[in-house]
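The values are calculated or read from the model by the stated rules, or taken from the named source; none is laboratory data. These numbers were taken from a predicted model, which means no experiment stands behind them. Here the Cβ positions follow ideal geometry from the backbone for every residue, glycine too, while neighbour counts run over all protein chains shown.
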Amino acid sequence: MTAPLDIVLVPGLWLNGATWRHVTPALEAAGHRVTALALPGMASKETDRSGITVADHVAAVVAALDVADSPVLLVAHSAGCGIAHAALDARPDKVVRVVHVGGFPGSDGEALLPGLPAKDGEVPMPDWAEMGEQANIVDFDADQLAALYADAIPVPERVVTDPVRLTDERRYAVPATMVCPEYTAADLQEWVAGGDVPELTKINSVSYVDLPGGHWPQTTQPDALATIILEQARR
C-alpha cells in the first residue's frame, strides 16, 4: 500500500487550481492530501494582478511545500513546470518526485514564455489555432474549447518575462517524470539529446510517459492523468 503523500498541483498559465478539479478526487480517494494551487493574481479574472512577478508565483509554491506534513509529490502543468522546478530548487529536501505534464524545467536565467503579446501588463491566452498550435487543442470538443477560452485568466506579464533563478544543484537529485501529451516521449528525448532542454540532462533520474492527446489532459483525460500521477506516487 502506498504511504500517503502531500500532492501539490501547480497550474499552467491562464489557469488556476480549478484546472485540476477532475483529477483531484482520484488522488484523494487513494489517501493522498492534495493541494491545487491558485497562484498569485490567478484566483479569478477580477483578481488584482498588478506588479506580480514570477518570483511571487515561485514563492507561492514554496509556501505550499513548507506547510506539507509529509514528502511532497510536486505535479505541474505546462509553463507551471518552470515555476515548480524553481520551487524545487528552493526546497529540494521537501520533494520526493516532480511530475511535469506537458512542460519542462527551465534553466537559471530563462523566462517562462517570453514573446507573447501583452496589454496593460497582462498576457491573454492566445488563439492556439491562429498560432498554428492545433496540436494543443486536438482532443477538445467544441464545448470544452469554448470553456477553455472563456475561463482563461490573463497572466501577469512579468510572470512570463522575468528570468527564473536557480541556485541549489541538489534539485538534480530529485527524480522527474515527464508526461508527454501533444508530443511523444521519443520527441522529447530527441530534444533533450539535441540540447534543447539542458536541465533535463542534469537530473539524475528522468522517466518519460506518453499520454497521447492535447496539451490539457487534466481537462480532456483526467482519469488517465490521475492514474499516471498515482503510479508516480507509488514509486
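Values as computed for the structure displayed
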item	result
Matching entry among 63, 111 (being surrounded by fewer than 22 Cβ atoms within 10 Å (Cβ to Cβ), touching an Asp or Glu at 6+ places or on another chain (Cβ under 8 Å) and of a type in the set (Gly, Ala, Ser))	111
Residues located in segment 101-134, provided they are hydrophobic (A, V, I, L, M, F, W, C) and either part of a loop (DSSP other than H, G, I, E, B) or out of contact with any Pro (no Cβ under 9 Å at 6 or more places or on another chain) (or both)	104, 112, 113, 116, 118, 125, 128, 129, 131
Number of the exception - residue 49 against (1) of a type outside the set (A, V, I, L, M, F, W, C); (2) out of contact with any Pro (no Cβ under 7 Å at 6 or more places or on another chain); (3) in a loop (DSSP other than H, G, I, E, B)	(2)
Search result, residues across segment 29-60 that are touching an Asp or Glu at 6+ places or on another chain (Cβ under 9 Å), under 18 Å from residue 105 (Cβ atoms) and buried (at least 21 other Cβ atoms within 10 Å of the Cβ)	39, 54, 58
Any hit, segment 124-135, residues being in contact (Cβ under 8 Å) with a residue 12 or more places away in the chain and either among the basic types (Lys, Arg) or more than 23 Å from residue 45 (Cβ to Cβ) (or both)	yes
Residue within segment 186-195 that is in contact (Cβ under 8 Å) with a residue 60 or more places away in the chain and surrounded by fewer than 19 Cβ atoms within 10 Å (Cβ to Cβ) present	no
Helices (runs of 4 or more DSSP H) (entirely within segment 155-229) containing at least 2 residues that are more than 30 Å from residue 46 (Cβ to Cβ) and of a type in the set (Gly, Ala, Ser)	185-193
First in segment 157-174 and free of Cβ contacts under 8 Å to residues at least 40 places away in the same chain and within 24 Å of residue 14 (Cα to Cα), second anywhere and assigned to a loop (DSSP other than H, G, I, E, B) and basic (Lys, Arg), Cβ under 7 Å, 6 or more apart	none
Test: residue in segment 202-220 that is among the hydroxyl-bearing types (Ser, Thr, Tyr), surrounded by 15 or more Cβ atoms within 10 Å (Cβ to Cβ) and either under 20 Å from residue 6 (Cα atoms) or under 15 Å from the mean Cα position of the chain (by Cα) (or both)	yes
Unique residue being at pLDDT below 95 and either crowded, with 21+ Cβ neighbours inside 10 Å or more than 17 Å from residue 152 (Cβ to Cβ) (or both) when the list is 92, 71	71
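Yes/no per residue for (1) on the phi > 0 side of the Ramachandran plot; (2) of a type in the set (Asp, Glu); (3) modelled with pLDDT of 95 or more:
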{"site": "100", "(1), (2), (3)": "no, no, yes"}
{"site": "103", "(1), (2), (3)": "no, no, yes"}
{"site": "108", "(1), (2), (3)": "no, yes, yes"}
{"site": "112", "(1), (2), (3)": "no, no, yes"}
{"site": "133", "(1), (2), (3)": "no, yes, no"}
{"site": "136", "(1), (2), (3)": "no, no, no"}
{"site": "155", "(1), (2), (3)": "no, no, yes"}
